[in-house]
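Structure first, commentary second.
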Amino acid sequence: MSSLRIRRRDASARIAELSTKSGKLLLPNFFPVFNPNKPVVTPEEMKRIGVEAIITNSYIIYKNEKMREEALKRGIHSAIGFDGIIMTDSGAYQLYRYGGIEISNREIIRFQHAIGSDIGTILDVPMSSDISRKEAEKGVKTTIDHAIEWKSISEELKGTLWLGTPQGGPYDDLIYESAKRIAELGFDYYGVGSIKVALEEYNFTMQADLLMKVRGFLQPNKPVHFWGIGLPSSFSLFVALGADTFDSASYALYAAEGRYMTPERTIPLDELEEFPCSCPICSKYSVKEVKEMEKGERERIISIHNLYVSIQEMRKIRTAIREGWLWNLVQERARAHPKLLKALLHTLWKYRDELEEREPVTKRSAVFYSGPETLIRPEVLRARKIVRRIEAERYFRTSIYGNVPLGLKYTFPFGQTVSMDEEVEDEPSDEEMIYNIISYQFGVEAAKVFKNLKVRRSRRTGMPRDVYSDDVRIGFIRPQDCFFIPSLKGAELLVKMLPWPACRVVVKREYEDEVAKGTTVFSDFVEELDPKIRPNSEVIVVNKQDKVLATGKAVLSASEVRYFKGHPFVIIRHHLMHRD
């Protein structure tokens, strides 16, 4: 079983750590393809660039007697000179290109394990967008048969993480059947097989559709690899939709064609007069010097630059997830190509419910308006839906959310949205603010439980801090997003009004005392919960008798909890009992 630990969330993306036998891999990440028959950039050079994981083809190694013996004797890491994490492909690409390979699925699986691959793959059948129905059905059957064969020998393959890839090409029913069967077999890692031809034609919409269709059947506690995605401008979109890793040889293939990568596009070297980059390659050489190089050296130099761009983009995406501005980055990158923008608009609307399930309720960064797609971002659609249910005496008008109760002026996402709207001059009263915020977070009925509200404001900022009801402190207003954080007393009052199990996480009897003393609520502790809980939701932890044990912040969505074993679910803020 793979070990995946989620650290941060944004969109459907996650900063996570994947444990392998060669160490931990930070996700999301990019696996450059290393072709041992054509080492344009060596693994040692890749490591210096910042590459943490690579993918190489086990079938190519197997076919070469010298490489095969070396890999079996010394292990794949030593044989190719890379001490990071190595994923091996099974030869599926050769199967797609040439119609067959000279080794069985069982043999190539065992070979990958024998040479010490960190992540191995079964022999699936990749498909193009123009594949016939008959051929697609045949390929899906072969893929499923090979997955079942892997399962039958999986006990002898422990230590390696195994990746299974559903197939189906352009046929939805085949995709669903394949994904369902592959998911049932218990792989450590799942793949999404990019659809050939469509990928070459920049049909990002078809690729996004495939990712979302397959993702719906996969357990969220396993990482998802999207095969063959190598354009840096598309990374952020697919990460936001739930992909954790990618692989591609595009850095070298583009270089062979004289194409220079930037985060937004590729540029023919012949059209450049100066390098718009300050990586070590672009800082060392001028365009003129690179153009005058011998072909092989020029290809190697551009390949290294292209790798720098890919690795830098992945680091930027991880930063965006940590800081809560991934959708902003996706929108920025989507402007690089009309087909990328089309895919974004299509996916945000078609899969709005699925995307909302994993969307955090609050973030550290603002929502930036950059076009019509902003109006259908998951957090925006959710906010518009909730505010329609809140009745207030005063509102302010926004182009993105419509009429918003004035008490939510400073609350995420309303107070953290940057658009072309004029600044709201009216200020909410303390009572207006508290009632509106509690109604927004916990439901309209929840605010009715609090009487004679008073607020103590910060001396430094003048913003509300501690909140009192009948002179009892019921919580505080968090400065960065103006969310209400209930105290234990506030939580006790809330559960009296909220219908079961709204805003609650119910823990099993044997964990009650631990949680009441401040222990993190792990996924295994959960007996029942509110299905509307999302990442970063403020939740109330109770027992079956509805006694408040603690309050805290959710790490996962309600729909994800049952898949994770021993994973933190609620980080406790306040707890009932003293620690031992």
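Which shape class applies to region 154-199: rounded if a/c is under 1.5, otherwise prolate when a/b exceeds b/c and oblate if not, where a ≥ b ≥ c are the square roots of the Cα gyration tensor eigenvalues? Because a/c hits 1.5 or more and a/b fails to exceed b/c, region 154-199 counts as oblate. Each principal axis of the Cα cloud of the chain was evaluated for its coordinate range; sorted largest first, these ranges are 81, 58, 48 Å. Quick check: from the Cα gyration tensor, does region 499-575 come out rounded (a/c under 1.5), prolate or oblate? Taking the square roots of the gyration eigenvalues as a ≥ b ≥ c, region 499-575 is rounded. Placing +1 on each Lys and Arg Cβ and -1 on each Asp and Glu Cβ, with no other charges, gives the chain a dipole about its Cα centre of roughly 1060 debye.
Looking at the chain, what % of its DSSP beta bridges pair antiparallel, to the nearest 5? Taking every DSSP beta bridge with both residues in the chain, the antiparallel ones total about 60 percent. From most to least packed by mean Cβ count within 10 Å, the peptides 325-336, 27-38 give 325-336, 27-38. In this model, which of Lys47/Lys295; Lys385/Lys409; Lys489/Lys544; Lys63/Lys180; Lys141/Lys342 are farther than 28 Å apart at the alpha-carbon? Checking Cα-Cα distances, Lys63/Lys180; Lys141/Lys342 exceed 28 Å.
The modelled label-to-label distance between Val472 and Lys63, using points 7 Å beyond Cα along the C-beta direction, is 7.5 nm. For the pair Lys385 and Glu184, label points projected 7 Å from Cα toward Cβ lie 3.1 nm apart. Using only side-chain charges placed at the Cβ, +1 for Lys and Arg and -1 for Asp and Glu, the dipole size of region 358-485 relative to its Cα centre rounds to 520 debye. The modelled label-to-label distance for the pair Leu72/Phe368, using points 7 Å beyond Cα in the direction of Cβ, is 5.5 nm. Candidates Ser194, Phe525, His225 compared by Cα position along the dipole of the chain: farthest toward the positive end lies Phe525, with charges placed on Cβ. Tell me which aspartates and glutamates have Cα within less than 20 Å of Lys451's Cα, excluding those fewer than 8 residues away on the same chain? Straight-distance partners of Lys451: Glu391, Glu393, Asp430, Glu431, Glu432, Asp466, Asp470, Asp471, Glu492. By definition, a body whose alpha carbon gyration tensor gives a ≥ b ≥ c is oblate when a/c is 1.5 or more and a/b is not larger than b/c, and region 354-513 fits this oblate description.
Ranked by how many other Cβ atoms sit within 10 Å of their own Cβ, fewest first, the residues Ile321, Ile148, Ile15 fall in the order Ile148, Ile15, Ile321. Farthest toward the positive end of the dipole of region 413-453, out of Val449, Ile434, Ser419, is the Cα of Val449, where the dipole comes from beta carbon charges about the Cα centre. Farthest toward the positive end of the dipole of the chain, out of Ser283, Ser557, Ile108, is the Cα of Ser557, where the dipole comes from beta carbon charges about the Cα centre. Dipole check for region 70-209: with +1 at the C-beta of Lys and Arg, -1 at the C-beta of Asp and Glu, and the Cα centre as origin, the magnitude is about 300 Debye.
For region 412-507, the alpha carbon positions stretch 44, 28, 22 Å along the principal axes, listed from largest to smallest. With helices as the sole contributors, the chain gives -11000 deg cm²/dmol at 222 nm; each DSSP H run of n ≥ 4 counts as -39500 (n - 2.57), and the sum is divided by every residue. Local charge for Cys503 was computed over the other residues whose Cβ lies under 10 Å away, with Lys and Arg +1 and Asp and Glu -1, and equals 0.
Each value in this text was obtained by applying a stated rule to the coordinates, not by laboratory testing. These numbers were taken from a predicted model, which means no experiment stands behind them. All Cβ positions, glycine included, derive from the backbone under ideal geometry; neighbour counts span all protein chains shown.
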